[in-house]
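K.L.:
Below is a structure I'd like to ask you about.
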Amino acid sequence: MFRLIRKLYKVPRRICALREISRLSRQPDAASKSLAKVLRGTLHNRPTSEEKVWIEKIESLRNELNSSSEKVTLMDYGALSSDESCVEPKTSEGKVKIETIGEVCRTASKPYKWSFLLLKLIREFKPSVCLELGTCLGISASYQAAALKLNHSGRLVSLEGAESLARLAEGYFKKLGFDNIEVVVGLFQNTLKDVLEKNAPIDYAFVDGHHQEEPTIGYFRQILPFLSDRAVLIFDDISWSDGMKRAWSTIKAYESVKVCVDLSYVGICIIDNSKDRKENYKIDIS
Ligand SMILES: C[S@@+](CC[C@H](N)C(=O)[O-])C[C@H]1O[C@@H](n2cnc3c(N)ncnc32)[C@H](O)[C@@H]1O
C-alpha cells in the first residue's frame, strides 16, 4: 500500500521530467538528442543485456565493500560539511581519518542510479579520453570503464588524493578485469595540469571531489581549454551547499557551455563549439 502511494506520488514528477526530456530531444543538434536519449534511458532504468552483466559484477563488489569492516587510514580531502566556511581552509591540507571500507563506500560512492547515468552517457557519446576527479573506491570509475569496454574504445584517467583509497581501487579494477583505467595519485591541485597536458583533448569529465565553490570553478576553468570541440562535463553535488549552487550558476553562464541540465544532485554540461544557442533544463529523474 505504502509502495503504491509512493509510486502514485511520483507520477506528476515523472510526467514533468518526460516533458522536459522531449523538449531536449526536439533540439536540432545531435548532442541534445543524445543527452535526451541518455536521460530517458536512466529514468526508465533499462540496461541492455550486456550492460546488465557489468552492472551485476560492480554491484556485487559494492555489496561486498558496503559490508566490509576492514579499516582504512586515509587523508580526507573532501568537503566534510556543506557549510563551506568551516572546511575551506582545511581541504588542501587534508585530515587523517580511520574508517571502515564499508563506511567509505556507503557514504562516498555514487549510488546505482547516478552510476548508471554515467555508464549511459559514455555509451551514447562514445568519448575516447575520459577524466574523473575523485576515484575513491572506484565504483563510479568501474561503471565508466565498463561503458568504455562495451564501446570497444576509450580510456579513463581517474584522480585521487588519498593514496590508500587509490591503491584499493586499483586492486578492485584488476579483480573486475579493467585494463582501461589509469589512477593518478595526488591532490587535484598538483596533478590535474599534467594529466590535462598529457591526455588532451578530453571528451568527457566527471568532477566528483572537492565539492566547494572556488575549487569547482577552478577545475572547470582549468579543464576547459583542453576539451575537444564537443565534450560532456558532469559535476556532482551541485545543490549540496550554497557555494556549490553558485559554482553551478557560474559554470552554466560560460559561453562555450551550450546545453545545461540540472538534475538536482548532478549537473551535466555539453560543450559544443558548433552550436550557437544556449539551453538550460531542470529535470528531476530521481
Ligand atoms: C565523493 S568521493 C568520489 C566517489 C567516486 N567518484 C565514486 O562514486 O565511486 C570524492 C573523492 O575525491 C577525493 N578528493 C577530494 N578532494 C580532493 C583533492 N583536492 N585532491 C584529490 N582528491 C580529492 C576524496 O579523497 C574522495 O575519495
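K.L.:
Could you give the nm distance between label points at CYS16 and ASN63, where each point is 7 Å from its Cα heading toward the beta carbon?
P.N.:
3.5 nm
K.L.:
Please identify which residues in region 10-36 have an amide N closer than 15 Å to a label point set 7 Å out from the Cα of LYS113, following the Cα→Cβ vector.
P.N.:
The answer is 10-18.
K.L.:
So, R0 is 41 Å and r is the distance between the beta-carbons of SER128 and MET75; what FRET efficiency does that work out to, to 0.05?
P.N.:
0.80
K.L.:
How many percent of the alpha carbon pairs in region 24-69 exceed a separation of 12 Å?
P.N.:
Of all Cα-Cα pairs in region 24-69, 70 percent lie more than 12 Å apart.
K.L.:
Could you work out the percent of alpha carbon pairs in the chain separated by over 29 Å, rounded to a whole number?
P.N.:
31 percent
K.L.:
How much mean residue ellipticity at 222 nm does the chain get from its helices, if each DSSP H run of length 4 or more adds -39500 (n - 2.57) and you divide by all residues, to the nearest 500 deg cm²/dmol?
P.N.:
About -16000 deg cm²/dmol.
K.L.:
Got a number for the accessible area of VAL38? Probe 1.4 Å, square angstrom, nearest 10.
P.N.:
Roughly 10 Å² of VAL38 is accessible to a 1.4 Å probe.
K.L.:
Round to a whole number: what % of the accessible area of region 83-216 belongs to carbon and sulfur, probe 1.4 Å?
P.N.:
Roughly 51 percent, rounded to a whole number.
K.L.:
When only alpha-carbon atoms count, how far does region 156-198 stretch along each of its three principal axes, as whole angstroms with the largest first?
P.N.:
If we take the Cα atoms of region 156-198, the spans are 30, 21, 7 Å.
K.L.:
Which FRET efficiency value, to the nearest 0.05, do you get for GLU163 and SER286 by plugging their Cβ-Cβ distance into 1/(1 + (r/R0)^6) with R0 = 35 Å?
P.N.:
E(calc), rounded to 0.05, equals 0.55.
K.L.:
For the chain, which span is the longest to avoid every loop-located (per DSSP) member of GluC sites (Glu not before Pro) having at most 11 other Cβ atoms inside 10 Å?
P.N.:
It runs 94-254.
K.L.:
Can you list the lysines whose alpha carbon is less than 27 Å from that of LYS10, not counting same-chain residues fewer than 8 positions off?
P.N.:
Once the sequence-local lysines are set aside, what remains near LYS10 is LYS33, LYS37, LYS52, LYS110, LYS113, LYS120, LYS245, LYS282.
K.L.:
So, one more: What is the spin-label model distance, in nm, from ASN273 to THR100 if the labels are put 7 Å beyond Cα along the C-beta direction?
P.N.:
If labels sit at ASN273 and THR100, their model points lie 5.1 nm apart.
K.L.:
On to the next question. Can you pull the semi-axes for region 195-286, root of five times each eigenvalue of the Cα gyration tensor, sorted largest first, whole Å?
P.N.:
Equivalent ellipsoid of region 195-286: 20, 16, 11 Å, largest first.
K.L.:
Would you compute, for the Cα atoms of region 105-148, the largest minus smallest coordinate along each principal axis and list the three values in descending order, in whole Å?
P.N.:
Each principal axis gives a Cα extent; for region 105-148 these are 29, 19, 13 Å.
K.L.:
Something else: For the chain, give the magnitude of the charge dipole about the Cα centre (Cβ charges: +1 Lys/Arg, -1 Asp/Glu; no others), in debye to the nearest 20.
P.N.:
Charge dipole of the chain: 1560 debye, to the nearest 20.
K.L.:
Quick one: work out the % antiparallel among DSSP beta bridges in the chain, nearest 5.
P.N.:
Taking every DSSP beta bridge with both residues in the chain, the antiparallel ones total about 45 percent.
The values are calculated or read from the model by the stated rules, or taken from the named source; none is laboratory data. What you are looking at is a predicted structure, and each value in this text was computed from that prediction instead of being measured. So basically every Cβ, Gly included, is an ideal-geometry build from the backbone, and we count neighbours across all protein chains shown. Each accessible area value is taken on the protein alone, full model and side chains, heavy atoms only, with ligands, DNA and RNA left out. Shrake-Rupley method; radii C 1.70, N 1.55, O 1.52, S 1.80 Å.
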